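Structure, as structure tokens:
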Number of protein chains: 6
Amino acid sequence: MGLHQYIKGLSDLETLRRAPGAFKYQEHSVAAHSFKVASIAQMLGDIEEQSGNPVNWQRLYEKSLNHDYTERFIGDIKTPVKYATPTLRQMLARVEDSMTENFITGEIPERFQDIYRRRLGEGKDDTLEGRILSVSDKVDLLYEGYGEIEKGNPEHVFMEMYQESLRTIATFRDMPSVQYFISDVLPDMLDSDFVERDQLVAMTREILK
Amino acid sequence: MGLHQYIKGLSDLETLRRAPGAFKYQEHSVAAHSFKVASIAQMLGDIEEQSGNPVNWQRLYEKSLNHDYTERFIGDIKTPVKYATPTLRQMLARVEDSMTENFITGEIPERFQDIYRRRLGEGKDDTLEGRILSVSDKVDLLYEGYGEIEKGNPEHVFMEMYQESLRTIATFRDMPSVQYFISDVLPDMLDSDFVERDQLVAMTREILK
Amino acid sequence: MGLHQYIKGLSDLETLRRAPGAFKYQEHSVAAHSFKVASIAQMLGDIEEQSGNPVNWQRLYEKSLNHDYTERFIGDIKTPVKYATPTLRQMLARVEDSMTENFITGEIPERFQDIYRRRLGEGKDDTLEGRILSVSDKVDLLYEGYGEIEKGNPEHVFMEMYQESLRTIATFRDMPSVQYFISDVLPDMLDSDFVERDQLVAMTREILK
Amino acid sequence: MGLHQYIKGLSDLETLRRAPGAFKYQEHSVAAHSFKVASIAQMLGDIEEQSGNPVNWQRLYEKSLNHDYTERFIGDIKTPVKYATPTLRQMLARVEDSMTENFITGEIPERFQDIYRRRLGEGKDDTLEGRILSVSDKVDLLYEGYGEIEKGNPEHVFMEMYQESLRTIATFRDMPSVQYFISDVLPDMLDSDFVERDQLVAMTREILK
Amino acid sequence: MGLHQYIKGLSDLETLRRAPGAFKYQEHSVAAHSFKVASIAQMLGDIEEQSGNPVNWQRLYEKSLNHDYTERFIGDIKTPVKYATPTLRQMLARVEDSMTENFITGEIPERFQDIYRRRLGEGKDDTLEGRILSVSDKVDLLYEGYGEIEKGNPEHVFMEMYQESLRTIATFRDMPSVQYFISDVLPDMLDSDFVERDQLVAMTREILK
Amino acid sequence: MGLHQYIKGLSDLETLRRAPGAFKYQEHSVAAHSFKVASIAQMLGDIEEQSGNPVNWQRLYEKSLNHDYTERFIGDIKTPVKYATPTLRQMLARVEDSMTENFITGEIPERFQDIYRRRLGEGKDDTLEGRILSVSDKVDLLYEGYGEIEKGNPEHVFMEMYQESLRTIATFRDMPSVQYFISDVLPDMLDSDFVERDQLVAMTREILK
């Protein structure tokens, strides 16, 4: 028994689609989301470090890259279900833990088991790296929601996705990286201009003049 | 408040894909699955009736057509999670019930609420119609699993899907419709022939002779 | 010979796409359409019954669930072709009937043949259930057309689809269920709000305040 | 009124999928089919010319490029329907002609109307170019059928597609280009080798040795 | 060795997508693009001929149909790369030529090699047919860009695509076919109307009145 | 100017498909590939460390996560083109560098420019981390090739992809992580069993006994 099953699992994450059950112009896989979250975490980590908060980079990359690997085991449980009652949330977390543990003892060679226990455990703790992960996860969700809204998606769920992620990001406002995101990234995102027909006609005339 | 939200929900079921998280040659939506289950239930109902078991057709159609509508609210929770412990299963069922109730009181006009309470409740009871639904649901799953296997899908999960559904169907063996399915439908399904290259070459020669 | 070919046919309806030949944001299969029409018919049936018109539920479900099964045999013939001349329409109907009959005698065991003759025949007759089917079929088409228009589809064909289905629905205006649809469902459908950029910016400011 | 509607029609052919209603690993649009048929016709034309049969190239390209443009108007009518009775076939052809004529008089400027009448008319006549078109159309169909069979598609319809097209090609056997296709192209197509697991393992060992 | 590899290559062009790396509502394959360019070239050729400029039709069809076949060999190199420096452009062209030559000598029977050398060579020369090809290629690109813009695509790249192709078309303004395109086709394209919600509501009222 | 353009670029990598121009059962985006390569690098890093070779984890994650970001700028240039001549390869690398530099100076705020210069530069150097990246990139390619072969893809290109990546991996055989991959992972990958019809029938009988 080697690590073949672990690698195969990476590919399962390519087929897991995020936010199923609503019409979307553009689908996102859990694999692509993980890539984007790790890249955003890397970006926010730079800002923290430049603001004088030393980042444990190994921990930051590890947390962000692996934070959704266990979605393979539990599937996509809708947020309102997950948070219905504290007891249910706890029980679901326990089931997830035990399925993860089964995977580790059943598929991961013993010499690597402790490493994967750390990697596949909950990453969103109170360390600086855990908080950057929480923010990065929501930044990507914000972009996913915004991407549908700017393409004209009339489904309400994307507006809620946008609002909910922005609200969560705002709760981390004491962090320099979040302040930077709000002041320097968000305005650019909202500014990207929609093309109107009038512009198109004017521009056509200009070119043909 | 009319029934617009109910109709819109039907369309959400078109975007919900079954068995996410594994490579598939052919995707199936919850809407298409519901159609197939209702059609299979209709077919099994005929056999029961011809065997002397009177079918309450309104109940059978209603149960089978609506049996997965509530997947809109809870999402796709993987089977091992759902069945992890009896308590968890019970709690998840309770959450599903309360989300369904919220939908009914929030979106369905009062005069129709009792009807939808019945329709969106658990259909797989011990009545003849509930049992036909249980079988039909698994027959469609069996065909979905078989469809991937015969197309050459190397993922193990489809073999397990095939086995698990066949096993469940076999537990309903006292029903004439299940006996018929095993003796008259299953063999045809397994018999459908794969094309081999040798045949292809032989046939080509035959035509060109 | 059992009913395997009938079940396999259900799956073919999953691959048949409606309204081919125009760009669409969201595809709909004949299988998913059949599910939605049966669910809408069920909804309209409730209203008729509450208005004092008894519904033969078995007949209503049977008609709506099976009304497009024969599309497997004939393919998608565009409406203007189908209705070009009364003679052509009649001849096409006759061909469809004979292909359906071939399927029934060739693939359906004798003991079920009469049942399938009824199910796969024309459902849109003058009975209350036939009329509900006619309306339900158009309600789903209306939603399909509207769905493309609200997503921003510039193809004219969806406007025509919307108009044509609304016009047909209006001809059934003597039915209480159609009156309800026009007064209580349609306004909600047209009301669902589009998100504008200004709102988005305002809401973002509100959250970050 | 210029030729904008004609150009837009080309794009509709990109969304029209061939052979709807059966599971396929690879979809083909009418636009892509038209490109392939014109390219195959060009290839067969070379052989005819080298065999001493002068080709009217303008006519050959024109026929093959435009031969399916009118599918926009009539949709995909399944072959068994089209050929059900000679009268029906004739009537359908007449409807297609009249819809094509409507398009020409309604959307094509007068100065080009005769040209499009020629282009959108039936191309498969008894001229050398008409016969090359008939063969090319079937060669592409043969490749589409073979493509599914070699990928492991268990649907019978692709075997029938393969057989039917090969049989039609064989009826044109007096043509040098068809003789060449049978003797020099077909064997290469059937020869392309499938990879077997044993080979894979052997090759892996070889590389790692 | 026959021409099987050439035919297989046509199918590869069905899987090559144009303009990768940006979100698109509608994908276009190189095969479909080739079909559309040949059809547009045919249309522009008519206008030239009616304006007194005799067209060599065999050459025009041949050039336009085959102009992107060699994309199979080199892949999609982004325009800014291709044009970065004159030397690089020249070197890339030389590599493309040598890969094309390899294909011709390796896969095309000798008796056809000269024909394919001509067909797979650069088509955009200074002949009337070469110039029509240059324009047709950009007309299709213009429609691809416009198609995304009118569907609401917020990506800037489609605006650039639209502008760049219109600018190139304008440089061929001395050609009667380009004058016609600007005066008679472009206005119709820009005029196709977007559906606004107000219209929809008004129309709905009108129908239901 | 903030980092919005950098985040948007991550999303472009979701739409860039790997290995375009050949039929594939399963598509892979550059974003998903980057995620898998970083995860595989992390796995190989563990082995190196357990074998006594200390890993600079920040460097390893950074290299692997960002190694294909610049594909946004240059597109997919086929390998035979890239390697045609040493001069061409050098020139292409220079163009890529200058486009990357343009992006950095044009879109990245000054305080982060040096960081992105490092991240978007060539990662496959002679350090341990650079070598792990080289291997990880090929391990993912090997899995992509194998995934198509085991699903039955008859295209030769996947066999070549499998061979080429295995050969490259073998050249790094002095590394403990590569030895582990060859001895403990590869055999499991090749062993995953294909389902044969006979097994299916036997298993069905077993269940129904």
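Read-outs throughout are calculated quantities, based only on the coordinates presented, and are distinct from any laboratory measurement. For clarity, every value in this text was computed on a predicted model and none was experimentally measured. We place every Cβ from the backbone using ideal geometry, glycine too, and count neighbours over all the protein chains shown.
Quick notes on this one:
- Estimated FRET transfer efficiency when R0 is 41 angstrom, pair residue F:190-residue B:53 (beta carbons, to 0.05): 0.20
- For the pair residue A:174 and residue A:201 in one chain, pulling the backbone fully straight at 0.36 nm per residue adds 5.1 nm over the alpha carbon distance.
- Take the Cα of residue D:127, step 7 Å toward its Cβ, do the same at residue F:87, and the gap between the two points is 5.0 nm.
- Chain D residue nearest by beta-carbon to the axis mapping D to B, with distance in Å: D:152, 3.
- Between copies, the label points of residue B:164, set 7 Å from Cα on the Cα→Cβ line, lie 2.6, 4.0, 4.0, 4.4, 5.0 nm apart, reported in increasing order to one decimal in nanometres.
- For the range C:1-121: rounded, prolate or oblate by the Cα gyration tensor [a/c cutoff 1.5]: rounded
- The percentage of C-alpha pairs in the range D:4-208 whose separation is greater than 32 Å is 25%.
- Rounded to the nearest 10 degrees, the inclination of helix E:57-66 to the longest alpha-carbon principal axis of chain E is 90 degrees.
- Distances between placed amide hydrogens fall under 5 Å for residue D:121 paired with no residue 5 or more residues away or on another chain.
- Mean ellipticity per residue at 222 nm, deg cm²/dmol - from DSSP H runs of n ≥ 4 across the protein assembly as shown, formula -39500 (n - 2.57): -22000 deg cm²/dmol
- Equivalent-ellipsoid semi-axes for the protein assembly as shown (Cα gyration tensor, √(5λ), whole Å, largest first): 43, 43, 34.
- Inter-copy label distances at residue F:52, shortest first and taken from points set 7 Å along Cα to Cβ: 4.5, 8.2, 8.2, 9.0, 9.6 nm.
- Around the amide H of residue B:76, modelled in the peptide plane, lie the amide H atoms of A:76, A:78, all under 5 Å away and 5 or more residues distant in sequence or on another chain.
- Those lysines that a straight Cα-Cα span of less than 17 Å connects to residue A:63, excepting residues fewer than 8 apart in one chain: A:36, A:124, A:138, F:36, F:63
- Restriction of the trypsin sites (Lys or Arg not before Pro) in the range E:133-182 to DSSP coil positions whose beta-carbon has at most 14 other beta-carbons within 10 angstrom yields E:173.
- Among B:91, B:43, B:175: highest mean-square fluctuation, GNM of chain B, C-alpha pairs under 10 Å: B:91
- Cβ-derived FRET efficiency at R0 41 Å, residue C:105 paired with residue D:5, nearest 0.05: 0.35
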